[in-house]
Amino acid sequence: MNAKVLFLLGVVAVATADKLPTYSYGAPQGSFEDSMEYDDAKYDFNWAVKDEYSGNDFGHQESRDGDNTEGSYYVQLPDGRLQKVTYYVDGDNGYVADVTYEGEARYDSVESREYAAPRPVYSAPRPVYSAPESEESVETPVYSPPRPQYAAPRRSYGFPQ
């Protein structure tokens, strides 16, 4: 009897196996680039830093529309000159830069300029309380167990009011 049941279960399993979907990995059709749609890149930004205390002066500006990019950046060099770089990038020619310098290099100013840290502004904190004069004048608090602060429950029958 057990053999007949096992045989019957085997026949049912084989019959239903043909109807089940098969799952397998197949290579994607087409290329990845064909399946993705890209919008042309388009942006514009500008930033700059000018700190009188440290002497830092630099900035950057760039704009892009598709494969064409234009921009410039500048930096105040330690020798006193201003270095400016103007560049453009188009899809086929790559990065093309034009570097210019404004001013004349002064090497004496680099050596004579020493860093002087700013003096910290500090004042001693003022006391906000006065200390007790002696231990005898301080009263020791007396503690007692707390008393309950609740009312006895009311009896209610039926619906609450």
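The values are calculated or read from the model by the stated rules, or taken from the named source; none is laboratory data. Every value quoted in this text rests on a predicted model; they were computed, and no experiment measured them. For neighbour counting, all protein chains shown are included, and Cβ atoms are generated from backbone atoms with ideal geometry for every residue, glycine included. Areas reflect the complete protein model, heavy atoms only, side chains present, ligands, DNA and RNA absent. Shrake-Rupley method; radii C 1.70, N 1.55, O 1.52, S 1.80 Å.
Within the range 66-79, the set of residues being open to solvent by less than 90 Å² (accessible area, probe 1.4 Å), touching a residue at least 24 places away in the same chain (Cβ under 8 Å) and closer than 27 Å to residue 38 by Cβ comprises 66 only. Number of residues in the range 80-97 that are in a strand (DSSP E or B) and open to solvent by 90 Å² or more (accessible area, probe 1.4 Å) equals 2. What about residue 59, is it farther than 30 Å from residue 118 by Cα and among the small types (Gly, Ala, Ser)? No: the conditions fail for residue 59.
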